[in-house]
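Every number in this text was worked out from the coordinates using simple rules, so none of it is lab data. Model, not experiment: these values are computed from the prediction. All Cβ positions, even for glycine, are placed from backbone atoms using ideal geometry, and neighbour counts span all protein chains on display.
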Amino acid sequence: MKLWRSFYLFILIILLLSGCSTNSGEEKSEYGNMSPGSDALTSQDIAMQEKGEETADSVEEETNDKSLAATERMVIYHAELNLRVQDFNKAQASIEEKAKKYGGYIVDSNVYREGKGQLEGTLTLRIPEGKFEAFLKDAEGEADEVLLRHVSGQDVTEEYVDLESRLRSKKTVEERLLEFMKNAQKTEDLLKISADLSKVQEEIEQLTGKIKYYQNQTAFSTVSIALYENKIVIPEFKKEDLNTWERTKKQFAESLNLLLTAFSGMTVFIFGNLPIILLIVLVGIGVYLLVKKHRRKGNHRKE
């Protein structure tokens, strides 16, 4: 009986030693074996992180909800105004001056005229969001008539909070990869970490760019203004149309040139075709004489 107990105890000790040996052999980092005694994450640490990632999505959603509630609403405003003004140039200069006074700036400006009619044009301006309504009222004050006023807003708070959350996550991954890079010993591990780090840093730049875009779009509102001049255009007298003497001399010269041209053409025609003309004249004279002679003979016979 004691012999069997000793045998079972020996088998149990062997199994325990085999398990410990297996566990110690599996301790290595995510990108390969790290140096002994280093601060790199072991496979157990990574396993714990992977378990923690199972609840990461829910935690991130809760964080986003809290950030969304705490963040001031971010709205992109756009206004469109169609104004009829008395003096186009004056109204345009005044609106541009008001935009600068409110801390805004001009994005685009176009002026055109339909034939000889009134001036028309468009302005695109960026105005600080806090002075958006005040600027619209001042711009409308320059008009004789407001033909159109349209204001729209796009709430991008949720998108902005989501971008910030994703940016924080990517920066955490970046820090972890930098730590792995410090402890990497193998070239293949270093190359893989560098590739992953480059991809994460590119994503960080893209997210940062989108965040800055939303910040700019919400900080400054866009105002598009179309101006139509209401002034009646009176045609001016043209001095060149009233210069009678000059116009008379011109007409006389044109008439004289016409006569000289006709005379020149006739002269060229006559002398150029003189042989043919002489032949026709001679033939005509001959025919005339024959006819006349024939008539004389007829008269003598009757007598």
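Values for this structure:
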| quantity | calculated |
| --- | --- |
| Subset tally (residues that are under 26 Å from the mean Cα position of the chain (by Cα) and either closer than 12 Å to PHE88 by Cα or not acidic (Asp, Glu) (or both)) for segment 102-118 | 11 |
| Unmet criterion (only one of (1) basic (Lys, Arg); (2) outside any helix (DSSP H, G or I); (3) more than 20 Å from ILE127 (Cβ to Cβ)) for ARG149 | (3) |
| Unmet requirement for GLU72, which otherwise passes all of (1) assigned to a strand (DSSP E or B); (2) surrounded by fewer than 18 Cβ atoms within 10 Å (Cβ to Cβ) | (1) |
| Single residue of VAL107, VAL200 found to be β-branched (Val, Ile, Thr) and either exposed (fewer than 13 other Cβ atoms within 10 Å of the Cβ) or part of a helix (DSSP H, G or I) (or both) | VAL200 |
| Sole residue being closer than 28 Å to TYR214 by Cβ, among the acidic types (Asp, Glu) and loosely packed, with under 14 Cβ neighbours inside 10 Å, chosen from GLU175, GLU188 | GLU175 |
| Where ALA93 falls short, out of the listed (1) more than 27 Å from GLY153 (Cβ to Cβ); (2) touching a Pro at 6+ places or on another chain (Cβ under 6 Å) | (2) |
| When residues of segment 132-172 are limited to those that are hydroxyl-bearing (Ser, Thr, Tyr) and within 30 Å of LYS101 (Cβ to Cβ), the one surrounded by the most Cβ atoms within 10 Å (Cβ to Cβ) | TYR160 |
| Positions within segment 117-146 being within 18 Å of ARG73 (Cα to Cα), outside any strand (DSSP E or B) and of a type outside the set (Gly, Ala, Ser), in sequence order | GLU129, LYS131, PHE132, GLU133 |
| Filtered residues of segment 146-163 (kept if out of contact with any helix residue (DSSP H, G or I) (no Cβ under 6 Å at 6 or more places or on another chain), within 20 Å of VAL85 (Cα to Cα) and not charged (D, E, K, R)) | LEU147, LEU148, HIS150 |
| Some residue of segment 176-191 being part of a strand (DSSP E or B), of a type in the set (Asp, Glu) and touching a residue at least 40 places away in the same chain (Cβ under 8 Å) | no |
| Among (1) part of a loop (DSSP other than H, G, I, E, B); (2) within 30 Å of GLY130 (Cα to Cα) - the single one ALA226 does not satisfy | (1) |
